[in-house]
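Encoded as structure tokens, the structure appears first; notes follow it.
Every number in this text was worked out from the coordinates using simple rules, so none of it is lab data. The shown structure was predicted, so the numbers you read here are calculated from the model rather than taken from an experiment. Please note: Cβ atoms are built from the backbone with ideal geometry, for glycine as well, and neighbour counts cover all protein chains shown.
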Amino acid sequence: MKISAKGRYAVTAMFDVTLHAHAGPVSLTAISERQDISLSYLEQLFNRLRKAGLVKSVRGPGGGYLLDKSEDAITIGEIISAVDENIDTTKCRNDDSGCQDGERCLTHTIWNELNQRINDFLNGITLGAIVENQDVLDVLKRQSEKQMTKATKEHQVISVLSLSSGQN
């Protein structure tokens, strides 16, 4: 079983919003830079997340996205479902219409039970529970330090350019 990039990116982006929304709406550009996800891909994902009622958009200067529900009310399973990701460990269908020439295959029951356990697991984990995880907080700290270093370097370049243009 493998979750596609669409599902992984949606979950990552929702974590990013959860971790940064305390300062106001989170822009897709900021998420794109922090998480190294294409801006156009994020636009597609957030359109689906918004339609599913998981985020709301704020327009204008300083705009971006906020969670539309409490972080403790949004599950990982909801996020994955919102972007049309289907987590299925088998080619068997979850209904009883058959998976092998119109009949149930030999391992149908096992795979259906595994699918159910995976869905129960993902629907039992909320954004709020995960963002308090120490590993997540360590990554947040590292990303924040990286952004500050990048901003400092950009400021230094601008200062040098300003000084050199003032000398002419």
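So what J values fall out for region 73-84 if you push phi through Karplus, 6.51 cos²θ - 1.76 cosθ + 1.60 with θ = phi - 60°, rounded to Hz, Gly and Pro as x?
Values, residue by residue: 10, 10, 9, 4, x, 4, 5, 4, 5, 4, 9, 6 Hz.
Between residue 107 and residue 129, take the C-beta separation as r, use R0 = 30 Å, and let me know the FRET efficiency to the nearest 0.05.
E between residue 107 and residue 129, to the nearest 0.05, is 0.40.
Just the C-alpha atoms of region 1-138: what Rg/Rh do they give, with Rh taken as the Kirkwood radius?
My calculation of the ratio gives 1.06.
For the pair residue 144/residue 23, report the inter-label distance in nm, with labels modelled 7 Å from Cα in the Cβ direction.
Label at residue 144, label at residue 23, 0.9 nm between them.
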